[in-house]
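Take a look at the structure set out below.
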Amino acid sequence: MAARTGTDTSTDARTAILAAAEECFARFGIAKTTMEDVAKAAAMSRATVYRYFADREALITESVVRRARANMPRARANITRWPTVEERIVEGICQDIRKGHLDPLVTRLVSPESMALSIQLLSESGRAIELTHELWGPIIADEQAAGNIRADLDPRLVSEWISELEIMYISQYGTDDSALDRVRIKLRAFVVPALLPR
């Protein structure tokens, strides 16, 4: 049996801490979870938790990032399977909104009690835009190369706009079909025309 490297141990500890944090977020709520709660749930000392994460906000952000990146290949495949650029834009954004609603961590993060924290962690830090650009950037670039999206648009700025729309809709709409149908109407009326070549 091969010996474990320091990196393996470090990764295992981070994974255990993040799993414990997500358990605490579900039990106590994001705003009320403390580093002490996470340390107890992970069966580690507070000092060990602080060795890997500077504060609770770093834990929350890393949890969201980890979950988003784990789902990214599947999300990109689901977007690119649609036959037209209009459908890829509209259905891709709606898919992100639906997944956000179905993810308990994201739902708690965009709840009214955590919205200020969500804005600080994901919007002001740029992490939401970064994650959205990781998903949408290659898709936008491919569509531009194919002549389906305006070549003069900055893909990162488009990703930022998509990120803002998704956060807004996740916080306002449910996952039922009628709510997403209203989002689809708005996306087709306003977002799609702004992105397509004139």
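Observations
- Number of the condition not met by Ile30 [criteria: (1) assigned to a helix (DSSP H, G or I); (2) farther than 30 Å from Ala146 by Cβ; (3) within 20 Å of the chain's Cα centre (by Cα)]: (1)
- Scanning the stretch 23-46 for residues that are touching a Leu at 6+ places or on another chain (Cβ under 7 Å) and at pLDDT 90 or above gives a single hit, Val38.
- Enumeration of residues in the stretch 124-155 that are among the small types (Gly, Ala, Ser) and under 16 Å from Asn71 (Cα atoms): Ala128, Gly137
- Exactly one residue out of Val65, Val106, Val49 is assigned to a helix (DSSP H, G or I), in contact with a Leu (Cβ under 9 Å, 6 or more places away or on another chain) and surrounded by 19 or more Cβ atoms within 10 Å (Cβ to Cβ): that is Val49.
- Residue check, Glu130 open to solvent by 20 Å² or more (accessible area, probe 1.4 Å), modelled with pLDDT of 85 or more and either within 14 Å of the chain's Cα centre (by Cα) or over 14 Å from Ile97 (Cα atoms) (or both): yes
- Some residue of the stretch 117-124 being surrounded by 15 or more Cβ atoms within 10 Å (Cβ to Cβ), modelled with pLDDT under 95, in a loop (DSSP other than H, G, I, E, B) and not aliphatic (A, V, I, L, M): no
- Filtered residues of the stretch 133-160 (kept if buried (at least 17 other Cβ atoms within 10 Å of the Cβ), of a type outside the set (A, V, I, L, M) and in contact (Cβ under 8 Å) with a residue 12 or more places away in the chain): His133, Trp136, Glu143, Asn148, Pro155, Ser159, Glu160
The values are calculated or read from the model by the stated rules, or taken from the named source; none is laboratory data. Keep in mind it's a predicted model, so treat the numbers as computed, not measured. Note that we place each Cβ from the backbone using ideal geometry, even for glycine, and neighbour counts take in every protein chain shown. Only protein heavy atoms, including side chains, enter the accessible area calculation; ligands, DNA and RNA are left aside. Shrake-Rupley method; radii C 1.70, N 1.55, O 1.52, S 1.80 Å.
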